[in-house]
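As structure tokens, the structure follows; a few thoughts come after it.
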Amino acid sequence: MKKSVGAALLALVLVALTLFWFLGRGDDRDGVLELHGNVDVRQVSLAFEEAGRLAELNVEEGDTVAAGDIVARLDTETLALQARQAEAELAARRAQLDQLRNGSRPEEIAQAREARRAAQAEAARTRQDLARMQQARAATDGRAVSTQDLDAARSAAEAAAARAGEAGQALTLARKGPRAEQVATAAAQVQAAEAQAALLRHRVEMGVLRAPHRGVVRARLLEEGDMASPQRPVLDLALLSPKWVRVYVGEADLGRVHPGMAAHVTSDSAPDAPVKGQVGYISSVAEFTPKSVETEELRTALVYEVRVIVSDTREALRLGQPVTVRLDIGGQK
């Protein structure tokens, strides 16, 4: 019976000590609040905006990449050919627009002038022929010129006059140049061709996958030859900054912790090389102790999440690493 009571008392003491350790109740005599948690960082899944076959994958798991580094490429040969075709179409559209804006060349105006002069000369000749035939018919009472010949001469004169008028209009148009509506239409076609060429160039550029921030490659999710798409990430990247430690503070210590408070973070592998940090976030909502703590007593304790932002220039801390956080509370009560 005594052994059972002793064992029960020992168990209660151990539970109390464990609860005291987890919630980070520091020793008020030295003015330090000690908390325990794990390192956390942001993670990014890198995927292409375009679907295609993965042609290159330039990094391995564990590699450190800088912002802007090329980590993968798609096969963009088809898109590159389409972009060249669009560039050629754009050049043709621009040439047409320049032609309309420049108007008729001096040689074209001179050609139109000569054509009008020739048409006018032809019209004058046919009028003279018609007049002579009319005179001859009148002088001979219709014996020298038949009615059929006279009608043919009259038709020829009218046709020549019409051609002369058409040549005159052609000269006027050559001098005025194209209509404003034609120029506007050609300009709109150039803009459409520019947009199409820019779109294809952009799609070719999207075939290059770059690291958005400095980080460490956590996993290669695809391999060269696989089909990539926006829904199928290529890599998982753990960012090296920002980096923080997630800890939990009990109700009794919550009033002694505030944002901006200096902190020192140490790990079991380097207890004598603390990393500086500061309290950056304190949850406004209480929650139960994380389920990773196995005892039922600790699971039912209400705590508040606190994030300690660290400045880890030496890259001493790793994702998920257990660490100890010490806050200087200066004997606050």
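Read-outs throughout are calculated quantities, based only on the coordinates presented, and are distinct from any laboratory measurement. Predicted model only: the values in this text are computed from it and were never measured. Methodologically, a virtual Cβ is constructed for each residue, glycine included, from the backbone with ideal geometry; neighbour enumeration extends over all protein chains shown.
Taking other Cβ atoms within 10 Å as a rough exposure proxy, HIS213, HIS258 sort from fewest to most as HIS258, HIS213. The range 214-276 and the range 153-188 have Cα centres lying 77 Å from one another.
So if each residue of separation counts as 0.36 nm, and I subtract the Cα-Cα distance between ARG232 and HIS213, what length gain in nm does that give?
4.9 nm
Taking the Cα centre of the range 81-202 as reference, the dipole from Cβ charges on Lys and Arg (+1) and Asp and Glu (-1) amounts to some 260 debye. For the listed peptides 67-79, 268-280, a ranking on the average number of other beta carbons within 10 Å per residue, highest first, reads 67-79, 268-280. Label-to-label distance for ALA159 and ARG42 is 8.3 nm, based on points extended 7 Å past Cα in the beta-carbon direction. One compactness figure for the range 81-202 is 1.86, namely its Cα radius of gyration divided by 2.2 N^0.38 Å. Our estimate of slack between SER311 and LEU150, defined as 0.36 nm per intervening residue step minus the Cα-Cα distance, is 47.1 nm. Calculate the FRET efficiency for GLN135 and GLU166 from the Cβ-Cβ distance with a Förster distance of 22 Å, rounded to the nearest 0.05. Computed FRET efficiency for GLN135 and GLU166: 0.15.
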